Amino acid sequence: MLPYRVSSLDISATDNAVRGEKSIFKILVNPGLRATLSPHILRVEVTGPSGENLPWYAANITAENATAKYAVHWALNEKPGRYTITVKDTASGIIGRKTLLMK
């Protein structure tokens with residue numbers, strides 16, 4: 001579908017999260033070669049510490065010029081533990097993940 005191959009999705013954010021506060025994730029779509037990038041639709045999902053999907057944090061976002069930002073406003077009653085942010089590029093199927101620790 002794309003005139004280039006997506007090699008990876010890079011997600012950057014702090015490694016820790018705090019209940020009741022916001023975490024901002026910067027997402028970069030990496031093409032295999034230098035190319036003029038098309039807009040990409042990304043599916044963001046969040047998994048809790050016991051492996052459960054948290055659909056209230058999920059969203060479809062657009063990456064313009066290979067970049068996107070996504071913010072999660074954590075609930076005050078989130079369980080402590082490791083949370084995983086999964087981002088999937090809908091056109092290529094490439095997936096990126098970021099794990100953070102909820103304190």
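In the set (1) in contact with a strand residue (DSSP E or B) (Cβ under 7 Å, 6 or more places away or on another chain); (2) within 17 Å of residue 97 (Cβ to Cβ), the condition left unmet by residue 51 is number (1). Taken over the stretch 21-57, the criterion of being of a type outside the set (Lys, Arg), exposed (fewer than 11 other Cβ atoms within 10 Å of the Cβ) and more than 18 Å from residue 70 (Cβ to Cβ) is satisfied by 32, 33, 36, 50, 51, 52. Listed by first and then second residue, the pairs with beta-carbon distance under 6 Å, at least 6 apart or on different chains, first residue in the stretch 70-84 and at negative phi and of a type in the set (Asp, Glu), second at pLDDT 95 or above and assigned to a strand (DSSP E or B), are 78/102. In the set (1) more than 14 Å from the chain's Cα centre (by Cα); (2) modelled with pLDDT under 95, residue 66 fails one condition alone, (1).
The values are calculated or read from the model by the stated rules, or taken from the named source; none is laboratory data. For clarity, every value in this text was computed on a predicted model and none was experimentally measured. Note that each Cβ is placed from the backbone with ideal geometry, even for glycine, and that neighbours are counted across all protein chains shown.
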